[in-house]
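Only one structure is covered here, and it is reproduced in the block below.
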Amino acid sequence: MKRLFKNKVLAFVIALMMIASTFPMGIFSVSATTVQGEAIKTADDFAAMEPNGTYYLANSITLTETYSQQFTGKFNGNGETITVSAPIFGAIMNATVENFTVTSDSAVTLTADGGIVCSKAGGNTTLRNITNNVSLQSANTVKVAGIVGDFVSDTTATITIDGCVNTGSITGAMRAGGIACGATDMAATCDVNIKNCKNTGAISSSKSGGIICLGYYFTGKLILENCENSGAVTSGDIAGGIVSHVGQVVTGVTITGCRNSGAVTSTKGKKQAGGIIGLCQISDLSISDCFNSGDIQNTITTQNATCGGIAGTVVGVVMERCGNTGNVTSTANAGGVLGSLTGSSIIKYCYNTGAAEATSVRAAGIVGDANNSATIITGCYNSGTISGVRKYQTGEIFGATLIPGITCDNTVSSPTGTSDQITNNYIKGEADYATTFTDDDLASGKLAFDMNADIGNTVYYQNVNDGGATKDDHPVTDPTHGYVFKHTDNELYSLAFYTYNGGSVRLDGENSGLRFSTAVNKADYDLLASKGVTMSFGTLITPNDYLKVVLGGGYEFTKAGLANLNTENPYLDVTPTGEGTAVFMAPRGSNDEDNYYFHGSISGIKTKNYEWDYSAIGYVSINGTEVYSADYATTNIAYIANLALEDTSADYTDGEEAILRGYLLQD
């Protein structure tokens, strides 16, 4: 049930009133991040570091040479800036490198493969909170990237890249990535987890990816979470807004909550381009909650090529809640969501509003070429214009297909027939396998309402109120938009609300506890209240261990789902008191003029249990029907206190700071 939308993070620290806790407690290990080790003040200090030492930057420095040894220690940039004319590290192994910005007086030309932070990374290494503002180009080198070049490892390990940003343009001879180039020429046994990373620079090479170019030679899993690309990605071969190409030895790929808004272009025939991924050659691929708004195209008109709003070509995929609004142009296959698939796949709750055009073969709103008999497409809609030369292999949901019951031949103008594998799909045209909707249905919220009714769950959201949250002209799967419902006047309305993925702790020292917050769009609430819509609010709070059992059993984070636990008092149901807007209270430090807030709190947490994780979800009862936030929060007292202490903009009194430090794990 939980979705990953990284812009919904709350770490306010608030003095608050708590309710009593009746839950059992446990201990989780969470400790504060503090600056440790030996201070680095000059380039000479940096060059003299022991490979396995612990260091931090005491001030900004300028480096003209790369650290000469393989670094296996810890380096904390402490928020300072490093001005460079060459990569900072050559190789790092089982290291932690974090918290600094890289800049240069001009573009840097790399004379060897790599990234500006390090050429190679391996072992259990973490690269975190690093921003590169340097434009990079290669001089007869194969690989170049904003943060790290290759992944290398001869033992099972996990390489983590978290919260890194690239703003510089990256130009490579063969392969280029905004954050990482990837395991490309050397075998590596490792998992790679890239999360919360962002690229805004233009990426150009033979193979190009906005975040990572290739997951190719490493034996392990590639996980991409909450990454964004807005830079133009241009490739002479395979191009992807997030990742270009995943090869056959990778054991699994998971892409969640990623977005691309940059133009993605391949300039070579018979190649692929995708808003999220260009080409994946393994069937263990999962893509969820990903969105593309950039235009995707292959500029070669004389040779077959495949392009898709989310993915170019995949062997097999489970894809859920993905959407495309960009235009897709190709020769052989153009798919608003997916260009082509060759293996068993499930496409659920995806949509396309962009134009999909195939200049020589087939096109479709969802899947251009569904070339596998086991493919399932359900709960999807298309409103984009579809244009393919082979009209009998062109359709609003899919083009050419082997799906049983569906016929593609040259005697009909589009695929015909029905199939129990193609269900609950909606199109603007007419077809046996889909339901027709109108432009008014698309804009009014009726399509979202009808599709949710068919699916039996809230999947599509849309802001539809006049005078409410900014209106959407079509349904989306982003749950920060409005829940669509019918009032007693039979009119459609929407209410946007979401639980922040974070929490707050007390600063008055009287009691320990956590408070969770849910935002409700002010304009929506005020409009609905004026229409006589009955609304009440609440927050469910439960130990995260309880929630894991519930979700693992196939239930949802709701009262009904938690009731399946074989335990007494499986959750707290916290309802604010008061009438109308009196139930709302803004968090301390918030100047949010767009939202009201309601809260749920738990108190009486003992000192030894400050690391115990709790989960919370807000809900709204609308005319007696309970609707739950699509996002929920999981956190603990120690983690929130640590975030507060790391916030350099906060102005705490000595007493408040002492209270926060008292919440941290004491070594």
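The values are calculated or read from the model by the stated rules, or taken from the named source; none is laboratory data. Predicted model only: the values in this text are computed from it and were never measured. Reconstructed Cβ throughout: ideal geometry from the backbone, glycine too, with neighbour counts over all protein chains shown. All accessible areas refer to the heavy atoms of the entire protein, side chains included, with ligands and DNA or RNA removed. Shrake-Rupley method; radii C 1.70, N 1.55, O 1.52, S 1.80 Å.
Taking a label point 7 Å from the Cα of Ser373 along the Cα→Cβ vector, which residues of segment 337-357 have an amide N closer than 18 Å to it?
341-346
Non-local amide H neighbours of Thr54 (under 5 Å, H modeled in plane, Pro and chain starts lacking H): which ones?
Under 5 Å from the amide H of Thr54 lie the amide H atoms of Glu38, Lys74, each far enough along the sequence or on another chain.
With just the Cα atoms defining each centre, how far is segment 524-568 from segment 226-290? Give it in Å.
Their Cα centres are 35 Å away from one another.
How much length is gained on full extension from Lys471 to Glu80, taking 0.36 nm per residue of separation minus their Cα-Cα distance?
136.6 nm
Would you work out the relative contact order for segment 186-298, in percent, from Cα pairs under 8 angstrom that are 6 or more residues apart?
Reported as a whole number, the value is 25 percent.
If I stretch the segment between Ala58 and Thr436 completely, what's the gain in nm (0.36 nm per residue apart, minus their alpha carbon distance), one decimal?
129.7 nm
Once whole DSSP H runs in the chain are found, which of them have Cα atoms spread over 24 Å or more along the helix axis and a mean Kyte-Doolittle score of at least 1.6?
Once both thresholds are applied, nothing remains.
Please give the peptides 46-52, 382-388 ranked by average Cβ packing (other Cβ atoms within 10 Å per residue), highest first, as a rough proxy for protection.
Put in order of decreasing packing, that is 382-388, 46-52.
What whole-number distance in Å separates the alpha-carbon centres of segment 379-451 and segment 598-646?
So the two Cα centres are separated by 42 Å.
Show the residues, 5+ positions off or on another chain, whose built amide H is closer than 5 Å to the amide H of Asn463.
Amide H neighbours of Asn463: Asp472, Gly482.
Classify segment 166-226 as rounded, prolate or oblate from the Cα gyration tensor: take a ≥ b ≥ c as the square roots of its eigenvalues, call it rounded if a/c is under 1.5, otherwise prolate when a/b beats b/c and oblate if not.
Cα axes put segment 166-226 in the oblate bin.
Gain in length, Glu579 to Thr42, computed as 0.36 nm per residue apart minus the alpha-carbon separation, to one decimal in nm?
187.2 nm
Cβ under 10 Å from Tyr596's Cβ, Tyr596 left aside: what net charge do those residues give with Lys, Arg +1 and Asp, Glu -1?
Net charge in that neighbourhood comes out at -3.
Taking the simple approach of a point 7 Å from Cα along Cα-to-Cβ for both Asp508 and Ser413, what is their distance in nm?
Computed distance between label sites Asp508 and Ser413 equals 7.1 nm.
Ignoring ligands, DNA and RNA, how do Met585, Met535, Met451 rank by accessible area with a 1.4 Å probe, largest first?
Listed by decreasing accessible area, they come as Met585, Met535, Met451.
Can you bin the chain into rounded, prolate or oblate? Criterion: square roots of the alpha carbon gyration tensor eigenvalues sorted a ≥ b ≥ c, rounded for a/c under 1.5, prolate for a/b above b/c, oblate for the rest.
The shape class here is oblate.
Would you mind getting the accessible area per residue of the chain, heavy atoms of the protein chains only, 1.4 Å probe, in Å²?
37
Would you mind telling me the share, in percent, of accessible area of segment 485-611 contributed by carbon and sulfur at probe 1.4 angstrom?
Answer for segment 485-611: carbon and sulfur cover 42 percent of the accessible area.
Only bridges with both residues in the chain count here: give the DSSP antiparallel percent, nearest 5.
In the chain, DSSP labels about 20 percent of beta bridges as antiparallel.
Run the quick spin-label model on Thr567 and Asp545: label points 7 Å from Cα toward the beta carbon, then report their separation in nm to one decimal.
The answer from the label model is 0.7 nm.
Can you list the residues of segment 289-313 with backbone N under 18 Å from a point 7 Å past the Cα of Ser387, pointing along Cα to Cβ?
Hits in segment 289-313 for Ser387 at 18 Å: 295-303, 305-309.
What nm value, rounded to one decimal, do you get for the distance between Met535 and Asp284 when each label is placed 7 Å out toward the C-beta?
So the label points at Met535 and Asp284 sit 4.5 nm apart.
Using alpha carbon centroids, what distance separates segment 153-168 and segment 63-100, in Å?
When both Cα centres are located, 14 Å separates them.
Asp594 to Asn623: FRET efficiency via 1/(1 + (r/R0)^6), r the Cβ-Cβ distance, R0 35 Å, to the nearest 0.05?
0.90
So, by mean Cβ neighbours within 10 angstrom, what's the order for 493-500, 543-550, 91-98 with the highest one leading?
Per-residue mean Cβ counts within 10 Å order the peptides as 493-500, 91-98, 543-550.
If R₀ is 60 angstrom, what is the calculated FRET efficiency for the pair Asn490 and Thr301, using the beta carbon separation as r and rounding to 0.05?
0.75
In what sequence, highest mean first, do 331-340, 246-255 appear when ranked by Cβ atoms within 10 angstrom?
Ranked by mean Cβ neighbours within 10 Å, highest first: 331-340, 246-255.
Given a Förster distance of 56 angstrom, what is the FRET efficiency for Asp454 paired with Ser106, based on the Cβ-Cβ distance and rounded to 0.05?
0.45
Quick one: pull the percent of accessible area on segment 227-315 belonging to carbon and sulfur, 1.4 Å probe, ligands and nucleic acids left out.
43
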